[in-house]
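The values are calculated or read from the model by the stated rules, or taken from the named source; none is laboratory data. This structure is a prediction, so every number in the text was calculated from the model and none was measured. Every residue, glycine as well, gets a Cβ built from its backbone with ideal geometry; the counts of neighbours run over all protein chains shown. For the accessible areas, the whole protein counts, side chains as well, though only heavy atoms, and no ligand, DNA or RNA atoms are used. Shrake-Rupley method; radii C 1.70, N 1.55, O 1.52, S 1.80 Å.
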Amino acid sequence: MANKHKHNDNKELQTLLVFGPPVILPTLEARNLHKYRFLKAFSSQLPLHQFLNMQNVDPSSIQAILCNPLQQVSADVIRLLPSLSIIVTNSVGTEHIDLSECSRHGVQVVSAGALFAEDVADMAVGLLIDVMWKISAADRHVRKWGPSKPFNLSLGSKLEGKRVGIVGLGRIGGEVAKRLEAFDCRIMYHSRNKKPFVSYPFYSNVVELAGKSDVLVLCCALNEQTRHIITKEVMLALGKDGVIINVGRGALIDEKELVWCLMEGEIGGAGLDVFENEPNVPKELFVLDNVVLTPHAAVDTQESTNKIYEHVAASLEAFFLSKPQIVPAMND
Ligand SMILES: O=CC(=O)O
């Protein structure tokens, strides 16, 4: 494959096409105005070719895209930019990027890999404890009624000893397992393949895993194999006391069926950081005290934001200086 990357020896600004926008953009901009011209495609409703035209930018001058999952980097975008060589996304997930088109055009994709694994696992366990102990519901009660008014929610449920089925035992799933072992949970998992060095029971069938679990924690990537991996059948197998935690992507669950199962009491509760059509959240969930909702915030700690900033800045720098990329440990 031809090397499209042209090293720029003179000190002109490098053009960075930005989709998203990534949370680290303000810092990257403030610290790198002398290096990059930031072309903010996300701030325009125009198709990309018209946007570039308006900015007087020749599509063939663009070598690098910075993005996040809020905006698609489609096959059309990749085809429009013949010199595109690298896409850096400040996310673990890469489902917003047409990876097949990237490999056809020799475009390298750099993601956050496993940089956020601990944070996402902390959030998964936080959501699980919240759903089981009804912490958010209790908080709402205290704010409205004070501590003395009888709290008439059903009793909470112990985490100790629960059977937890992890869907996707990559780095995030592994960190979830490690944390839940400390609560004496019994861990099982489903993933593409059985992991040779893992002793937790493996289930190739998600319905079967759900039937053996009290809790399902979804940690896998979204792709054509995992879209709606959690069907109504899976939820019915999990059962009336079962809890689902989703820190992966909303579309891992058939969300309409999830709402139905929650409303009909076919499952016991859910902790959701992600939704099928973000930023839209099904309104039916707002009145359910057995559901805890967070706004796709599982990586939003100051520490992880600092880490991803360093990683993105170093990846772009290495690319434009033709140095080797520092590839982070991958999530799976
Ligand atoms: O959802 C967040 C990510 O993919 O980093």
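Side notes on the structure shown:
- When DSSP beta bridges are restricted to pairs lying wholly in the chain, around 5% turn out antiparallel.
- Packing rank of 48-55, 267-274, 28-35, where each peptide gets the mean count of other beta carbons within 10 Å, highest leading: 267-274, 48-55, 28-35
- Ordering Trp145, Trp260 by accessible surface, largest first, gives Trp145, Trp260; the 1.4 Å probe counts only protein heavy atoms, with every chain in place.
- The length gained on full extension between Ser199 and Asp241, counted as 0.36 nm times the residue separation minus their Cα-Cα distance, comes to 12.5 nm.
- Compared with the alpha-carbon gap, the fully stretched path from Thr301 to Ser154 is longer by 49.7 nm at 0.36 nm per residue.
- Accessible surface comparison of Cys220, Cys67, probe 1.4 Å, protein chains only, largest first: the order is Cys220, Cys67.
- Spatial extent of the chain: Rg and Dmax, with the Cα atoms as the point set, Å: 22.1, 72
- Taking a ≥ b ≥ c as the square roots of the eigenvalues of the Cα gyration tensor, the range 166-243 is classed as oblate, since a/c reaches at least 1.5 and a/b does not exceed b/c.
- Whole-angstrom gap from the range 28-74 to the range 261-332, using each part's C-alpha centre: 23 Å
- Eligible aspartates and glutamates near Lys35 by straight Cα distance, threshold 14 Å, same-chain separation 8 or greater: Asp9, Glu12, Glu317
- Taking 0.36 nm per residue of sequence separation and removing the Cα-Cα distance, the Gln71/Thr231 pair yields an extension gain of 55.0 nm.
- By the Kirkwood approach, averaging reciprocal distances over each pair of separate Cα atoms, the range 251-332 gets a hydrodynamic radius of 15.8 Å.
- Taking each of Lys134/Lys240; Lys162/Lys212; Lys158/Lys195; Lys178/Lys240; Lys232/Lys256 in turn, the alpha-carbon distance tops 19 angstrom for Lys158/Lys195; Lys178/Lys240.
- Calculated [θ] (222 nm, deg cm²/dmol) that DSSP helices of n ≥ 4 give over the chain, each run adding -39,500 (n - 2.57): -9500 deg cm²/dmol
- Highest mean packing comes first when the peptides 222-232, 170-180 are listed by Cβ atoms within 10 Å, giving 170-180, 222-232.
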